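The values are calculated or read from the model by the stated rules, or taken from the named source; none is laboratory data. In this text the structure is predicted, and so the values were computed from the model without any measurement. A quick note on method: Cβ atoms are made from the backbone with ideal geometry, for glycine too, and the neighbour counts reach across all protein chains shown. Just so you know, the surface numbers come from the protein's heavy atoms only, side chains and all, with ligands and any DNA or RNA stripped out. Shrake-Rupley method; radii C 1.70, N 1.55, O 1.52, S 1.80 Å.
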Amino acid sequence: MELDFWRGPSYVDRPVDVMIPPQLNHTFDKIFEDKLLQRTVLIEDLENDLIEDRAARPSLKPKPQRQDIVERHFDEYQRLPKIHSFLDTIVSKNTGIASVETIGTSYEGRPIKIIRIGDGNEKKNKPIIFIESGIHAREWISPATTQCFGQYLVQGYKARNSDITALLQKFDFYILPVLNPDGYEHTHTRDRMWRKTRKPYGNCMGADPNRNFGYQWGGQGASTNPCSETYRGPSAFSEPETKAVSDYVLRNKDRIKAYLAVHSYGQYFLYPWMRPPVEQMVRYYWAYGSAHIKYSYTVELRDTGSYGFALPKSHIRPVCEETTVAFIAFAKELAKEV
């Protein structure tokens, strides 16, 4: 029986979050009754919540004015074209400190874009803080937060914030908002809880890009079943999205001093070789073990389970604010080391 574990089994006494289809409610009631297990219903009717969320979203038309792209961007979870427009607008308004680059193309032909934010033009020896998000399609808060952090950097620099100015003189921040663009768009058009890429494998679609990285590929928590949510793919870096990121990071690994992989949910800051939830361990292990980036971490954003992957849009700005404080503090400490 294939279940959708939002927070999977990892170690003793850690709660597990699982989405149960209605037809299995009676079966699970019996299991919990027989085994005397404790449970809490976090979301009673996810489908209804998602329907209400879709109904509350504004129409894609009329097309927003250019100034609205930035000012109102974080009122909603945005579609991929609007995210790319946001990046382009940030660059057009901040040509001295920002630039956009396409580092690859997804299976369905969508660009994988990254924005660089740093004082002056890119310098060959300037250290990089690399931040990526949106690897699991349904984790909408992840791309929203990393974009918001980028906006905070450029606004702080223009306002002559001394901390931001010093950090942008010290580092180039490379922010990749949506690593899995095909899956992300699929969550907006077809299946809100879709997780994987969209490359076909027989009768099933996609691989778990987090488990497609080459370091200890196919290890604990990865599935060989193409229909599984945790399918590892037929080989390491079989997905063009993970291959593009891997190639880009390895080309720049001598400059990359920190690698932050941003996920939801759980509210953790995970570092290599701690005992993390298996769910998110693979990619930053790759950054640490294969790319040899000493300061490699996974950041798990809100919440702790009340909303899970269906975090309301009202949380976008609060999550951005608290994450920005953490990222700035992290960068200031890193500046002492490099």
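At-a-glance table
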item	result
Candidate set from the range 15-46 (those that are acidic (D, E) and assigned to a helix (DSSP H, G or I)); member that is farthest from A310 (Cα to Cα)	D34
Scope the range 28-44; condition surrounded by 11 or more Cβ atoms within 10 Å (Cβ to Cβ) and either free of Cβ contacts under 8 Å to residues at least 24 places away in the same chain or touching a Lys or Arg at 6+ places or on another chain (Cβ under 9 Å) (or both); matching residues	F28, D29, I31, F32, R39
Selection count, the range 102-147, where residues are assigned to a strand (DSSP E or B) and modelled with pLDDT under 95	0
Set G266, G221, G214, G202: member being open to solvent by 10 Å² or more (accessible area, probe 1.4 Å) and closer than 24 Å to P15 by Cβ	G221
Single residue of K124, K113 found to be closer than 23 Å to I293 by Cβ, open to solvent by 10 Å² or more (accessible area, probe 1.4 Å) and within 18 Å of the chain's Cα centre (by Cα)	K113
Flag for S246 being among the hydroxyl-bearing types (S, T, Y), at pLDDT 95 or above, part of a loop (DSSP other than H, G, I, E, B) and out of contact with any helix residue (DSSP H, G or I) (no Cβ under 7 Å at 6 or more places or on another chain)	no
Restricting the range 300-337 to residues that are over 17 Å from the mean Cα position of the chain (by Cα) and among the hydrophobic types (A, V, I, L, M, F, W, C), the residue that is most open to solvent (accessible area, probe 1.4 Å)	V325
Leading residue by the ranking (modelled with the lowest pLDDT) among those in the range 278-299 that are of a type in the set (S, T, Y) and open to solvent by 10 Å² or more (accessible area, probe 1.4 Å)	Y285
Residue tally, condition modelled with pLDDT under 80 and closer than 27 Å to T304 by Cα, over the range 47-77	11
